[in-house]
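The values are calculated or read from the model by the stated rules, or taken from the named source; none is laboratory data. Small disclaimer: the values here were computed from a predicted structure and weren't measured. A quick note on method: Cβ atoms are made from the backbone with ideal geometry, for glycine too, and the neighbour counts reach across all protein chains shown. Note: areas computed on protein heavy atoms with side chains; ligands, DNA, RNA excluded. Shrake-Rupley method; radii C 1.70, N 1.55, O 1.52, S 1.80 Å.
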Amino acid sequence: MIIRNAKIITWGSNNQILEGQDLYVKDGLIEKVVSQGSSTESQEDVVDAHGQLLMPGNICAHTHFYGAFSRGWGYPGEPASNFVEILERLWWRLDKALSPEAVKYSALVCLADAIKYGTTTLFDHHASPSCIEGSLDLEHDAMVQAGLRGSLCYEVTDRDGREKALAGIGENARFINRVVMGQADPKIKAHFGLHASLTLSNETLDACVRANNHHAGYHVHTAEGIADEADSLAKYGKRVIKRFHDFGMLGEKSILAHGVHCDPEELDLIAESGSWLSHQPRSNMNNAVGVAPILDMLDRGIKVGMGNDGFSNAMWSEMQAAYFIHKD
């Protein structure tokens, strides 16, 4: 395929804006950029971009597809007064209500939104306690239909009892095996999903590590609210990142979402392990949990990505929010 009459934005280390150039794509990969009309591949389809911008797609490093159903929802009763109450009154009610059909369509709504905003790779963190087994297959099929790239995982937690915690572990292990065996679409990968330290016992973390067996990185909320750190210190005598570090969950394939309340020692552990940190400023402001120390992270060489935590997939808006909040 040849894409013609586009303004090509390279996003390279020296960003360029190229006009009067053809972009040649073969077997899903960009082969070359050449002067307009000079390509020798005469049999290829030609797409006229009519002057639109052509650039690499945005990446959302942490999202919840089922957040599509939270839009405009006002839950009954008193408004939440802290982060844990937001989880209990909004998100944990919503995820329990998800049926197989709801899992499928929330994913499709989210993915259509992503396409609209030029977000082409998404790392989803899924939870549906009433529909655990096969839920990642439903999301996989939705992503195939949308034609996007991403990585999927199921959120293991103890909050719904031991049986469902084990089912979540099994769903992660099953889908990771599907990916490892080459039985998933090649554009879709897998992580091992965990909710957060405050809803995960040592017994459950140990079971996750044994089930994963180093096949995939972990995707977990970390120190999003101060309650997460307080719970970890009270129960285990160590902070959240140190706890996950001691279980061997940090590493170059792992995504630590939020990190709002990480202290300097935790930041050093993240940097040393090569883990990724996903930053969601709009969600952090909406939940009033604080501002992640992103500048300190960058100074330490931590790899920081942008997520949206289930908000709109307009990642330009997420970037703008990050710019403003750290200026403030």
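From the list Trp92, Trp11, the one residue that fits, being within 28 Å of Trp276 (Cα to Cα) and open to solvent by 60 Å² or more (accessible area, probe 1.4 Å), is Trp11. Could we say that Arg71 is among the charged types (D, E, K, R), open to solvent by less than 90 Å² (accessible area, probe 1.4 Å) and either touching a helix residue (DSSP H, G or I) at 6+ places or on another chain (Cβ under 8 Å) or at pLDDT below 95 (or both) here? So Arg71 fails the test. Output the residues belonging to the stretch 273-289 that are surrounded by fewer than 18 Cβ atoms within 10 Å (Cβ to Cβ) and either out of contact with any helix residue (DSSP H, G or I) (no Cβ under 9 Å at 6 or more places or on another chain) or within 17 Å of Gln320 (Cα to Cα) (or both). Once the filter is applied, which keeps residues that are surrounded by fewer than 18 Cβ atoms within 10 Å (Cβ to Cβ) and either out of contact with any helix residue (DSSP H, G or I) (no Cβ under 9 Å at 6 or more places or on another chain) or within 17 Å of Gln320 (Cα to Cα) (or both), the stretch 273-289 yields Gly274, Met285, Asn286.
Out of Ala227, Ala234, I need the residue that is open to solvent by 50 Å² or more (accessible area, probe 1.4 Å) and either of a type in the set (A, V, I, L, M, F, W, C) or over 23 Å from His126 (Cβ atoms) (or both). Which one? Before the answer, list the steps.
Details: Ala227 fails: open to solvent by 50 Å² or more (accessible area, probe 1.4 Å).
Matching residue, one of Ala227, Ala234: Ala234.
Scanning the stretch 305-315 for residues that are within 11 Å of Ser278 (Cβ to Cβ), open to solvent by less than 40 Å² (accessible area, probe 1.4 Å) and in contact with a helix residue (DSSP H, G or I) (Cβ under 6 Å, 6 or more places away or on another chain) yields Asn308, Asp309.
In this structure, is Asp27 in contact (Cβ under 8 Å) with a residue 40 or more places away in the chain and either farther than 26 Å from Ala314 by Cα or surrounded by fewer than 16 Cβ atoms within 10 Å (Cβ to Cβ) (or both)? Considered against the rule, which asks whether it is in contact (Cβ under 8 Å) with a residue 40 or more places away in the chain and either farther than 26 Å from Ala314 by Cα or surrounded by fewer than 16 Cβ atoms within 10 Å (Cβ to Cβ) (or both), Asp27 comes out as no.
Annotation: of all residues in the stretch 98-111 being among the aliphatic types (A, V, I, L, M) and assigned to a helix (DSSP H, G or I), the one that is surrounded by the fewest Cβ atoms within 10 Å (Cβ to Cβ) is Val109. Filtered by the rule that a residue be under 13 Å from Leu198 (Cα atoms) and among the aromatic types (Phe, Trp, Tyr), the stretch 229-249 gives Tyr236, Phe244. Of all residues in the stretch 9-23, those satisfying the criterion of being farther than 18 Å from Gly57 by Cβ and either touching an Asp or Glu at 6+ places or on another chain (Cβ under 7 Å) or in a strand (DSSP E or B) (or both) are Gln21, Asp22.
Evaluation of Ala216 against the conditions (1) touching a Leu at 6+ places or on another chain (Cβ under 8 Å); (2) touching a residue at least 40 places away in the same chain (Cβ under 8 Å) shows that the sole unmet condition is (1). Looking only at residues that are open to solvent by 10 Å² or more (accessible area, probe 1.4 Å), of a type outside the set (Asp, Glu) and assigned to a strand (DSSP E or B) in the stretch 43-65, which one is nearest to Ser275 (Cα to Cα)? It comes out as Ala61. Annotation note: Cβ proximity below 9 Å between a residue of the stretch 7-19 that is among the hydroxyl-bearing types (Ser, Thr, Tyr) and a residue that is assigned to a strand (DSSP E or B) (sequence gap 6+ or interchain) occurs for Thr10/Ile17; Thr10/Leu18; Thr10/Val33.
So, in the stretch 112-149, of the ones that are outside any helix (DSSP H, G or I) and acidic (Asp, Glu), which residue ends up least open to solvent (accessible area, probe 1.4 Å)?
Result: Asp124.
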